[in-house]
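Asker: One structure, as structure tokens, below. Some questions next.
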Amino acid sequence: MSHQGLGDFEQMVLLAILHLRGEVYGVPIVDEIERRTERSVSRAAVYITLRRLEEKGLVSSWMSEPIPERGGKPRRYVRVEPRGVVMLRESREAVDRMWRGLDPRLEGIR
Amino acid sequence: MTRPPEPPGLARRLLARALTEDVREHIDGDLCELYARRCARDGTASARTWYWRETASFSARFFVERLRTRGHTPGNRRVGGFRRDAMPSVLDARLALRMLVKYPGLSLISVTGMAVAIAIGVVVFSVSAAMIETRLPLPDGDRLVAMTNALGTEPGQNRASLRDYAAWRSELTSVRDVAAFATTRRNLVVPGTAPAPVRIVRLSASGFSMTRTAPLLGRTLVDDDERNDARVVVIGFEEWQRHFAASPDIVGRQMRLGSEPYTIVGVMPEGFRFPVDDGYWIPLAFTPMDRARSDAISLTIVGRLADGATLQSAQAELATVGARTAAAHPGAHERLRPWVRSYTRAFFDIDNPENPGSVAKAQLFRLFISLLLVVVAVNVASLVYARTATRAGEIAVRTALGASRARIVTQLFAEALVLCGTASVIGLAVAGTVLAKLQETAERRLGELPFWVDLGLSPAVITYALVLAIVGAAIVGVVPALTATGRRVRANLQQLSGHGAHMQLGRAWTALIIAQVSVAVAVLPFAVHFTEEVLAESTRDAGYPAGEFLEASLVMERADGALTCGRIGFCDQSSDTGVVERLGLDQRFHAGAAELIRRIESDPAVAGVTVRIRDNERIEVERVTSSDADKRPISLVRGRVERVAAGFFALYGMPMLAGRALVPGDAHGGATAVVVNQVFAEIHFGTEVALGRRLRFVRERDGAGDVDRGPWLEIIGIVRDLESSAYEPVGRMYLPTDVTQLSPPVALAVRTRASPAAGFAPRLRELAADVDPALQLQGLVIAAERHRQSMQLLRWQGVVAAAAMVSVLLLSAAGIYAMMSFTVTRRRREIGIRSALGADPTRVLRSIFARAGAQIGAGLLVGVVGTVAVDRATGSGPVHDGNPAALLVVAAVMTAIGLLAAIGPARRGLAIQPTEALREE
């Protein structure tokens, strides 16, 4: 198992999946990140991140039946695996520890 | 629900290339989904731009990702086996761009010439690839094969019968899922739209398992459908979207094909158009009568190579099975030789056992066209060589400063690569436009193109263009570079201190000049002549009010039981002109066509209706002349024959030049009247009066020379021809036909009172369906539109020819100018010295021009002799067609360019001061 922590973008993708619940695939994940962060993200980067997360065993995926509205192409649905949840939690805790003792608004710091 | 919009095809293919297999399908689906949303929200143009941006983003990101995961780390001393200093760098590219701008004339000419050559190469590559490609866009599509019998005595005619199908299906082990199909046409009757003929495939159930494609909805055909001759149909994705609004509860619904109701049992996924470009599949059922005469039932038989089998092993097994069949049925099979080949090649009749080596020929042709680029590249190379020669000093200095030969060659190669790369991009853009036009024209002319044929810019085509660019760059850049950096560089270095460096020229240079002039003089007149003719023809008027005419081919669909057909390679029952009984179709057609004509005539929107039956077969005609006392036939002439209804000429507004038009009575009781067009009269009777002359048809009965002679016919009128063409004059004979006794196919023409006639088209279809649901109006089109398309095609040919011609002319002119000018410049010092020694300037000039004149003269001589020889051999060309001006103009232009190129340097040579000339020495 890799002891590497999660990158910012990986965290965003995992959190978007958790927010969406149910049958989650690439299109809504990008929409969710853009909606919540209020900035545009590279769609290609999201798919590459999803693949990387799956290689790390943090998410799993499965293909749907062909969908006529998409020209008969299937969707690849994803869900966060328990290990992904653990990693997210650890990342969050690490950041929290770093923030501890600092003013949340960083008042007085230039 | 409507059909989802399709993203740009090229972008989609590029994207598919860029993505790895594990993510390709769902990312494509996601982007298709988003594309549809964007189309609805922002419009198609904006969505297309967005899709292209996403393609670029995905391609770049996934490329970087691949490099990252492979641990690719550039920066070694040697990269890909090359010294690093010999690898082209960004600086090389910048220098190359600077050279491109610094010599705009050379760049423009070179890029234009190369771009035209690359465009031609790409078009030929794309078309030939579509024909010799063996892969179908189906799972393991390259393992699909077609099986036929070659007939020993009829080259090119292949056949496979129901008996073969039964034998091959049960006995072959190297070919699995053996299936058979035949196509026919039926009127598709969908509520809300006028009936229109569509192609139907009668396909055996095994055909679907062979393609390994599951239905999108419902099921495919099954064996029970065949056994019970069930009235069930599987429809294509596009048909489902277009005619049934992608209804999810389509399965189980009824539709009508001709007069029969069918139940829809399944919908195939998008892109499934097997066997050609089809969207309706019904069971291939056989009656006991069919089985009893199984040799007479022709089919297209296909299958899938079994695991481990090859075409060779399948061929060997098929030959064994064929020998068994021949032994059991010697009468029908004795001379037949079974043959298996790739499905796609069978479609285009490539790899035909009667025509071996057709693939090799196609590849050879492709190679030949690629050589065109080499010829152009050599031309450009000679220009670049002249420029490189002027940089001999720079090259020598760089060598002295420590630049390796590889480094200098690389830089010169980079310059050529930028030049050829620019040409490649322009060539691809031109080829893309031409190919799109070609695809559109082919679809319109043929009705449909095979589903695997896409004449777009595929990744393979783009790769080919890039390879052409690299080959071109190698010729244009490397050859002059190697020459400039060879042994001579040391000598140049030694000379550099006092006299400047230069490259030596020899006999090869003289030969190049002669070759350049002769090729230009030999080729260009033909191109000028052809372009002139085609462009003049493309402005031709239809000759009649084509906007008021609707034209269609009137045919009748065959009864289901009749499975015999004429064309056997890919069996199309609708083209069958009848080998077995016609099941009373003739009578039905006679009555239907006559009634349809009567109803059209009585419609208030119609000014008139007429028919013609084209006999495209050119037949022999005997004629007699009045000067021949015993009326003995004196010669055989050719004519194209059309049978037309009385009133045909009047409806089209074709004036009678002599005699009278055909009248209804001419078609009855041993019809002997014939009207000919002006071209026919002029070709076959010269200045004599054609009116009253007698003709008769002569048909060869068999190969032994026996002929059948028809009754004598008399020319009763001469008519100005319809759409008369000076480019391709066609002599025509018009015979009378009785509209109550018409046989399909009949060309029906309806003249409406209003123009354009398009508004009447749905009404016409309704009338036909009302008279008889089996009556089909195929290829219904406004005559003006058909004429416009023909003219547009000609214009395209003219424009392409003109572009090729201009680029050849420019290249030749520039090449000759550069070479002549360079040759004379090299003699500048000699001219100066001779002047210094007191030579007469006139004599000096004469000696210079004598040499230039001799080189140009030799080139002209070779070129003119070549043109005249080709002209005479082919019976066509500028001289033969009375247009020698093209030849003279080209010869004069080349001479003028060559002499102009010599004048400037010679004058500068004469003006040189003797001391300066001696110092150079």
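The values are calculated or read from the model by the stated rules, or taken from the named source; none is laboratory data. What you see is a predicted model; the values in this text were computed from it and never measured. Ideal geometry is used to build each Cβ from the backbone, glycine not excepted, and the neighbour counts take in all protein chains shown.
Asker: Just name the residue that is surrounded by the most Cβ atoms within 10 Å (Cβ to Cβ) out of those in segment B:3-15 that are without any contact (Cβ under 8 Å) to a residue 60 or more places away in the chain and within 12 Å of another protein chain (Cβ to nearest Cβ). Show your work before the answer.
Answerer: As a first pass, look at segment B:3-15 and keep what is without any contact (Cβ under 8 Å) to a residue 60 or more places away in the chain: B:4-8, B:11-12, B:15.
Okay, now just the ones that are also within 12 Å of another protein chain (Cβ to nearest Cβ), so B:4-7, B:12, B:15.
Numbers: B:PRO4: 21, B:PRO5: 16, B:GLU6: 13, B:PRO7: 25, B:ARG12: 18, B:LEU15: 23.
Among those that are without any contact (Cβ under 8 Å) to a residue 60 or more places away in the chain and within 12 Å of another protein chain (Cβ to nearest Cβ), it is B:PRO7.
Asker: From the list B:VAL276, B:VAL302, B:VAL267, exactly one residue is away from chain A (no Cβ under 14 Å), in contact (Cβ under 8 Å) with a residue 40 or more places away in the chain and in contact with a strand residue (DSSP E or B) (Cβ under 7 Å, 6 or more places away or on another chain). Which is it? Talk me through it step by step, then tell me what you get.
Answerer: On the way: B:VAL276 fails: in contact with a strand residue (DSSP E or B) (Cβ under 7 Å, 6 or more places away or on another chain); B:VAL267 fails: away from chain A (no Cβ under 14 Å).
Answer to the selection: B:VAL302.
Asker: Which residues, taken from segment B:220-235, are more than 14 Å from chain A (Cβ to nearest Cβ) and outside any helix (DSSP H, G or I)?
Answerer: B:THR220, B:LEU221, B:VAL222, B:ASN228, B:ASP229, B:ALA230, B:ARG231, B:VAL232, B:VAL233, B:VAL234
Asker: For residues in segment B:227-240 being surrounded by fewer than 19 Cβ atoms within 10 Å (Cβ to Cβ) and not aliphatic (A, V, I, L, M), which is nearest to A:LYS73 (Cα to Cα)? Outline the logic, then answer.
Answerer: Taking segment B:227-240 and keeping what is surrounded by fewer than 19 Cβ atoms within 10 Å (Cβ to Cβ), we get B:227-231, B:238.
Cutting the leftovers down to not aliphatic (A, V, I, L, M) gives us B:227-229, B:231, B:238.
Working: B:ARG227: 34, B:ASN228: 35, B:ASP229: 34, B:ARG231: 31, B:GLU238: 15 Å.
Looking at the filtered set, the residue picked out is B:GLU238.
Asker: May I ask you to say which residue of A:GLY84, A:GLY26 is at pLDDT below 95, touching an Asp or Glu at 6+ places or on another chain (Cβ under 7 Å) and of a type outside the set (Asp, Glu)? Walk me through it before giving the result.
Answerer: Values: A:GLY84 fails: touching an Asp or Glu at 6+ places or on another chain (Cβ under 7 Å).
Of the residues listed, the single one that is at pLDDT below 95, touching an Asp or Glu at 6+ places or on another chain (Cβ under 7 Å) and of a type outside the set (Asp, Glu) is A:GLY26.
Asker: Tell me yes or no: at least one residue of segment B:778-793 is farther than 21 Å from B:GLU440 by Cβ and buried (at least 18 other Cβ atoms within 10 Å of the Cβ). So that I can check it myself, show each step before the final result.
Answerer: Applying the first criterion (farther than 21 Å from B:GLU440 by Cβ) to segment B:778-793 yields none.
No, every residue in segment B:778-793 fails to be farther than 21 Å from B:GLU440 by Cβ and buried (at least 18 other Cβ atoms within 10 Å of the Cβ).
Asker: Working only within segment B:113-140, note down all residues that are within 13 Å of the chain's Cα centre (by Cα) and aliphatic (A, V, I, L, M).
Answerer: Of all residues in segment B:113-140, those within 13 Å of the chain's Cα centre (by Cα) come to B:120-131.
If the condition is that a residue be within 13 Å of the chain's Cα centre (by Cα) and aliphatic (A, V, I, L, M), then B:ILE120, B:VAL122, B:VAL123, B:VAL124, B:VAL127, B:ALA129, B:ALA130, B:MET131 are the ones that fit.
Asker: Taking B:GLU238 as meeting all but one of (1) within 14 Å of another protein chain (Cβ to nearest Cβ); (2) closer than 30 Å to B:THR310 by Cβ, write down the number of the exception.
Answerer: (2)
Asker: In segment B:178-211, what count of residues is obtained for those that are in a strand (DSSP E or B), surrounded by 19 or more Cβ atoms within 10 Å (Cβ to Cβ) and not hydrophobic (A, V, I, L, M, F, W, C)?
Answerer: 7
Asker: So, one more: Of all residues in segment B:16-26 being more than 10 Å from chain A (Cβ to nearest Cβ) and in contact with a helix residue (DSSP H, G or I) (Cβ under 8 Å, 6 or more places away or on another chain), which is surrounded by the most Cβ atoms within 10 Å (Cβ to Cβ)? If you could, list the steps in order and put the result at the bottom.
Answerer: Of segment B:16-26, the ones more than 10 Å from chain A (Cβ to nearest Cβ) are B:16-17, B:21.
Going one step further and asking which of them are in contact with a helix residue (DSSP H, G or I) (Cβ under 8 Å, 6 or more places away or on another chain), we end up with B:16-17.
Numbers: B:ALA16: 15, B:ARG17: 13.
Filtering segment B:16-26 for residues that are more than 10 Å from chain A (Cβ to nearest Cβ) and in contact with a helix residue (DSSP H, G or I) (Cβ under 8 Å, 6 or more places away or on another chain), the one surrounded by the most Cβ atoms within 10 Å (Cβ to Cβ) comes out as B:ALA16.
Asker: Here are some conditions: (1) touching a residue at least 40 places away in the same chain (Cβ under 8 Å); (2) within 11 Å of another protein chain (Cβ to nearest Cβ). A:ASP31 meets all but one. Which one does it not meet?
Answerer: (1) is the only condition that A:ASP31 fails.
Asker: Please specify each residue of segment B:242-284 satisfying the condition of being small (Gly, Ala, Ser) and over 27 Å from B:VAL145 (Cβ atoms). It would help to see each step written out before you state the result.
Answerer: Our first condition is that a residue be small (Gly, Ala, Ser); within segment B:242-284, this holds for B:245-247, B:252, B:258-259, B:266, B:271, B:279.
Within segment B:242-284, B:ALA245, B:ALA246, B:SER247, B:GLY252, B:GLY258, B:SER259 meet the criteria.
Asker: If you go through segment B:212-219 one residue at a time, do you hit one that is away from every other protein chain (no Cβ under 14 Å), surrounded by fewer than 21 Cβ atoms within 10 Å (Cβ to Cβ), assigned to a loop (DSSP other than H, G, I, E, B) and of a type in the set (A, V, I, L, M)? Let's see the steps before the verdict.
Answerer: Of all residues in segment B:212-219, those away from every other protein chain (no Cβ under 14 Å) come to B:212, B:219.
From the residues that got through so far, the ones that are surrounded by fewer than 21 Cβ atoms within 10 Å (Cβ to Cβ) too are B:212, B:219.
Keeping just the survivors that are assigned to a loop (DSSP other than H, G, I, E, B) gives B:212, B:219.
From what is left, the residues that are of a type in the set (A, V, I, L, M) are none.
No.
Asker: Looking only at segment B:656-713, count every residue that is modelled with pLDDT under 80 and β-branched (Val, Ile, Thr) and tell me the total.
Answerer: Count: 5.
Asker: Starting from residues that are without any contact (Cβ under 8 Å) to a residue 12 or more places away in the chain and among the acidic types (Asp, Glu), keep the ones in segment A:34-58 and report whichever is nearest to the other protein chains (Cβ to nearest Cβ).
Answerer: A:GLU55
Asker: With respect to B:GLY29, determine if the residue is within 14 Å of chain A (Cβ to nearest Cβ) and either surrounded by fewer than 13 Cβ atoms within 10 Å (Cβ to Cβ) or at pLDDT 80 or above (or both).
Answerer: Values: within 14 Å of chain A (Cβ to nearest Cβ): yes; either surrounded by fewer than 13 Cβ atoms within 10 Å (Cβ to Cβ) or at pLDDT 80 or above (or both): yes.
It is true that B:GLY29 is within 14 Å of chain A (Cβ to nearest Cβ) and either surrounded by fewer than 13 Cβ atoms within 10 Å (Cβ to Cβ) or at pLDDT 80 or above (or both).
Asker: May I pose another question? Taking segment B:789-804, which residues are closer than 14 Å to B:VAL116 by Cα and among the charged types (D, E, K, R)?
Answerer: Of everything in segment B:789-804, nothing turns out to be closer than 14 Å to B:VAL116 by Cα and among the charged types (D, E, K, R).
Asker: Taking only pairs six or more apart or across chains, which ones have beta-carbon atoms under 9 Å, a first residue in segment A:59-71 that is within 15 Å of B:ILE27 (Cβ to Cβ) and within 7 Å of chain B (Cβ to nearest Cβ), and a second residue that is surrounded by 15 or more Cβ atoms within 10 Å (Cβ to Cβ) and modelled with pLDDT under 80?
Answerer: A:ARG70/B:PRO4; A:GLY71/B:PRO4
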